[in-house]
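This report concerns only the one structure given below.
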């Protein structure tokens, strides 16, 4: 149904409205340290409809090799209702939708914890994002504090598709005006926040046998033994593409696309726009995918994820994986599938093979643990995380 | 239905066909000044099917924050038949389809006037573009002239979705060969050109209440008073992405993607490819969207639009808005909606806040009016326009 | 149908699993010279679902001007079941899917031969790729050899959509470990390889008359006479966009997106990532499309295709076409259509017009033939091929 409306013709007005530079406002988004209150829930704006187009573009841009995200026939033959969104895209979108409330004023992302993918996201699903403030740690006047938040991605049926915890470093407000307030909630109550400890994962009914011929022969469950180190051969040079890719997933932090903003910063973040960390994580997973996840049917989740150095356009990123655990999947699923936990490490401007030759076992020691054991941090190391996948058995 | 045809095998031929460099042609497109005849109508080639993919990509690339263009559920809840194309995409496509006839030989785009969006464009709509030559002003031998044209975007049901007027600066033919002629019209008559003065706008039946929680709390109709200046916090660095983005909307002018062409020019346009102005306009609207249009349900149109300085890759653009008018929408629509006219100003390589601090009210004076009042033009100012939006009341 | 599974909580593990840098593997893909055995068939991994999004994006990125690939109404009015994928996209995908087996260790692509497009590819079709090794020519110890392969693109109904032959230069294994082996075939037999000599082409039933007004007036069959040289006016500067575009079509060769890899090479390929040749070919066809293929309804195929110089980001490519043959289409089709064979030549960092003025007929002599006739190769020439199109008659 539509309506036909006649509006007054638009006429030139600017010269008739006197300019008063005092009648000005400067809307700012994100939250300063004082603006985070433990217990508070943010309902993030916009939402995000997953269209097949960006689902495919995401998988390809970040070098995904698992046909589950590239080949619709393959996805259906594996029991999915259609091509699922890659978990990395789900994570990036859910996090990015929250930036406007959570971290647009943050100075750094300190870590990702306890992420769990709980349901597939398909084309035409619309995902909203919610955040609960868990903790605010102040570290003295003039010092940025640390805020712990939990975020949920929820689909149009109000089902949680992803949950994770995150720590961010946030500066105090100082003498700056407050940021844009939240819209009032519908009924004056704090919105529901359906975080689930140890939730069930809703998976398709996978067929007993996989599809032959479309995946690598050396990345079945049986190919992974605890302690294996897998050096992923190819790297990826990140280009200025990262500026548009940041807002493609909904991330509004100017650090990633506003050179004037970046130039005005001091310290490690100053200079060229920094690549949004979620994109770096996605590239590293993609680089690893040919060797570790082509026969994976589900990304269970990840924890202890740290961006240890920033990445900028022109940097080449490369990845290594190390097997931390491998066990049968629970119950009946265990006959054909196992879960494998990998330590994923990213490096920049050095090949993965050279990084291993140069740094050896130090590559796999958490950067934050190094000081305590008298080791130096590795400048070429950009990322570390533990991730767990559900992988088909060769059988 | 298909047919099976056997062709002769293709065999190598180049060595057998003598090269005669005199048997050459150089097809050129666009029109020289003399080739524009007032009254003439160009039916532009190709047409453009709007696919959801590019509709979403456009909204995201240009930093659109209104969920109307990002969240299908939200669009439907607002009465739309699906996700509409963003008005900026409609404008960019309709203009770009016409470049091959209108402006591929133009030296500059002088201004946009009286643009009206008359109907939504949805996924799978195919838009054609038509232009009528209104006026040709010659300014003496060897001088470029000024051509005034009107352009329509028409959908597959022959309904006008957008109309606007544009002035361009065009050089004479000189001793160059003529450009590629138009195809003959079907019946030898000038094609119809259904421009409508003050037309009705075909809008969805909007629900009385908006969708809660997905849009900003400070961009309802009541939030805008005449004279308000709104400084949009974030800028966007434009990268080389603009080269492919130009033809993504169908624009064929080499100034925007051919470095050899650009290097051969003299004057302000020489050097790196210039960003097609329609893209700059789209970025500026996107940068403003979080503060002014998240609760807008229709872009009514714009006028007095001028690109006052060129933008190239590497430049960071930022935006300011000023409220020029705010009034109830006509008839019943006025209960829940009002129209707001904004002056939108773009700057480059300076933050919007710094630009306001540095230039004050001069930012909002039309660049072309400055000479007459003894003011200097502002090098950092790249764009100015008046735009009118239909915005929901908070109620 | 779905199942709800409870997994054990993921806990941090890295510190508990001792790092043993000897327990390492380095998966490598592609094949060294010794690993190619004539008669062998590779079933390539992944497959590739053609989604409308990337079909449109491909057509626009590579400057396609034929509305057949841009305007769904136009495609249907021409008898197609929907918007077909552009032949260049089909070629790029089929070749790229094979890189992991065929050429990820290749040093150079030597030539394309006997390519035939046998059926349209539509949105939602899933294409797999197969390669048969035809010949392996060794050229002495320490020298790279030449491998001749044939590749097929096959749709989900096991119909061949494209076949072509290719020669590649491949180094020997030396003391490097072997590459990742093929997965075993289902039954231990060599997979079928349905190459067809001189196959039938499955075409839509084209309507007798074309669609008026959407295509150029000077690119009908009658406009092309043997010997005509057509200088395509515009060039296209290739940007860093080519890095993501490489994997967008499924190509896994690090030469095209890994600066660390490229920096480690010696010779002509060292330095910045080289643009994957298939993309260069696509841009050149796009640049030519406005002048030669807007009225084409089918790309029949191509042969004798050579990349004679590499292209890197920042280079501007331009194109010229020369008519080598023009004849009526077979049978009834000949009343309204003819086939035209073009020599397509690409140049870089010079306009096509300047290249013709500077090099004259030498531009159209095959680079590999020049030594024998005492001519110098042209550094500015990047590509040459013979391609054959089915083009509508003006009638």
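The values are calculated or read from the model by the stated rules, or taken from the named source; none is laboratory data. Not measured: the values here are computed from a predicted model. FYI the Cβ positions are ideal-geometry reconstructions off the backbone, even for glycines, and counts take in every protein chain you see.
Here are a few things to note about the model shown:
- Residue count for the range A:13-46 under the criterion of being assigned to a loop (DSSP other than H, G, I, E, B) and at the interface with another protein chain (Cβ under 8 Å from one of its Cβ atoms): the result is 13.
- Hits in the range C:182-219 - residues which are more than 10 Å from every other protein chain (Cβ to nearest Cβ), surrounded by 14 or more Cβ atoms within 10 Å (Cβ to Cβ) and more than 24 Å from the chain's Cα centre (by Cα): C:210
- In this structure, residue A:79 does not qualify as closer than 26 Å to residue B:63 by Cβ, in contact with a strand residue (DSSP E or B) (Cβ under 8 Å, 6 or more places away or on another chain) and either within 14 Å of chain C (Cβ to nearest Cβ) or in a loop (DSSP other than H, G, I, E, B) (or both).
- Checked against (1) out of contact with any helix residue (DSSP H, G or I) (no Cβ under 9 Å at 6 or more places or on another chain); (2) part of a strand (DSSP E or B), residue C:353 passes all but condition (2).
- Residues of the range A:205-222 that are in contact with a helix residue (DSSP H, G or I) (Cβ under 9 Å, 6 or more places away or on another chain) and in contact (Cβ under 8 Å) with a residue 24 or more places away in the chain: A:206, A:207, A:208, A:210, A:211, A:214, A:215, A:216, A:218, A:219.
- Residue pairs meeting the criteria (Cβ under 6 Å; at least 6 apart or on separate chains; first farther than 13 Å from residue B:343 by Cβ, in the range A:12-37; second assigned to a helix (DSSP H, G or I)): A:21/B:360; A:21/B:361; A:27/B:291; A:29/A:100
- In the range A:115-142, the residues that are part of a strand (DSSP E or B), farther than 21 Å from residue A:251 by Cβ and in contact (Cβ under 8 Å) with a residue 24 or more places away in the chain: A:116, A:122, A:134, A:135, A:136
- Selection within the range A:261-272: residues that are within 13 Å of chain B (Cβ to nearest Cβ) and in contact with a helix residue (DSSP H, G or I) (Cβ under 7 Å, 6 or more places away or on another chain). The member of this set that is surrounded by the fewest Cβ atoms within 10 Å (Cβ to Cβ) is A:271.
- Residue B:10, sole failed condition from (1) outside any loop (DSSP other than H, G, I, E, B); (2) at the interface with another protein chain (Cβ under 7 Å from one of its Cβ atoms); (3) within 29 Å of residue C:116 (Cα to Cα): (1)
- Residues of the range B:33-50 that are more than 18 Å from the chain's Cα centre (by Cα) and farther than 15 Å from residue B:152 by Cβ: B:33, B:34, B:35, B:36, B:37, B:38, B:39.
A quick yes/no check of all residues on (1) without any contact (Cβ under 8 Å) to a residue 40 or more places away in the chain; (2) surrounded by fewer than 20 Cβ atoms within 10 Å (Cβ to Cβ); (3) facing another protein chain (nearest Cβ under 7 Å):
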site	(1), (2), (3)
B:328	yes, yes, no
B:344	no, no, no
B:348	yes, no, no
B:363	no, no, no
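- Among residues of the range A:365-392, those that are closer than 21 Å to residue A:302 by Cα, outside any helix (DSSP H, G or I) and in contact (Cβ under 8 Å) with a residue 40 or more places away in the chain, counted: 13
- Filtering the range B:307-323 to residues that are within 11 Å of chain A (Cβ to nearest Cβ), in a strand (DSSP E or B) and farther than 23 Å from residue B:220 by Cα leaves B:316, B:317.
- Flag if residue C:109 is touching a residue at least 24 places away in the same chain (Cβ under 8 Å), under 23 Å from residue A:290 (Cβ atoms) and surrounded by fewer than 24 Cβ atoms within 10 Å (Cβ to Cβ): yes
- The residues of the range A:154-181 that are within 14 Å of chain B (Cβ to nearest Cβ) and either buried (at least 18 other Cβ atoms within 10 Å of the Cβ) or modelled with pLDDT of 95 or more (or both), listed by number, are A:154, A:155, A:156, A:157, A:158, A:179, A:180.
- Filtered residues of the range C:294-306 (kept if touching a strand residue (DSSP E or B) at 6+ places or on another chain (Cβ under 6 Å) and not in a strand (DSSP E or B)): C:295
- If you go through the range A:249-260 and pick out every residue that is at the interface with chain B (Cβ under 8 Å from one of its Cβ atoms), in a helix (DSSP H, G or I) and surrounded by 22 or more Cβ atoms within 10 Å (Cβ to Cβ), you end up with 2.
Yes/no matrix, rows are residues, columns are (1) modelled with pLDDT under 95; (2) part of a loop (DSSP other than H, G, I, E, B); (3) more than 10 Å from chain A (Cβ to nearest Cβ):
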{"site": "C:58", "(1), (2), (3)": "no, no, yes"}
{"site": "C:65", "(1), (2), (3)": "no, yes, yes"}
{"site": "C:75", "(1), (2), (3)": "no, no, yes"}
{"site": "C:98", "(1), (2), (3)": "no, no, yes"}
{"site": "C:101", "(1), (2), (3)": "yes, no, yes"}
{"site": "C:109", "(1), (2), (3)": "yes, no, yes"}
{"site": "C:112", "(1), (2), (3)": "no, no, yes"}
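- In the range B:220-248, residue nearest to residue B:71 (Cα to Cα) [restricted to those that are in a helix (DSSP H, G or I) and within 7 Å of another protein chain (Cβ to nearest Cβ)]: B:248
- In this structure, residue C:340 does satisfy being touching a strand residue (DSSP E or B) at 6+ places or on another chain (Cβ under 6 Å) and either surrounded by fewer than 15 Cβ atoms within 10 Å (Cβ to Cβ) or touching a residue at least 40 places away in the same chain (Cβ under 8 Å) (or both).
- Check on residue C:71, within 10 Å of another protein chain (Cβ to nearest Cβ), in contact with a strand residue (DSSP E or B) (Cβ under 8 Å, 6 or more places away or on another chain) and either surrounded by 22 or more Cβ atoms within 10 Å (Cβ to Cβ) or at pLDDT below 95 (or both): yes
- Residue A:290 vs. criteria facing another protein chain (nearest Cβ under 8 Å) and either in contact with a helix residue (DSSP H, G or I) (Cβ under 7 Å, 6 or more places away or on another chain) or buried (at least 24 other Cβ atoms within 10 Å of the Cβ) (or both): yes
- Breaking point among (1) surrounded by 24 or more Cβ atoms within 10 Å (Cβ to Cβ); (2) under 24 Å from residue C:253 (Cβ atoms); (3) touching a helix residue (DSSP H, G or I) at 6+ places or on another chain (Cβ under 9 Å), for residue C:90: (3)
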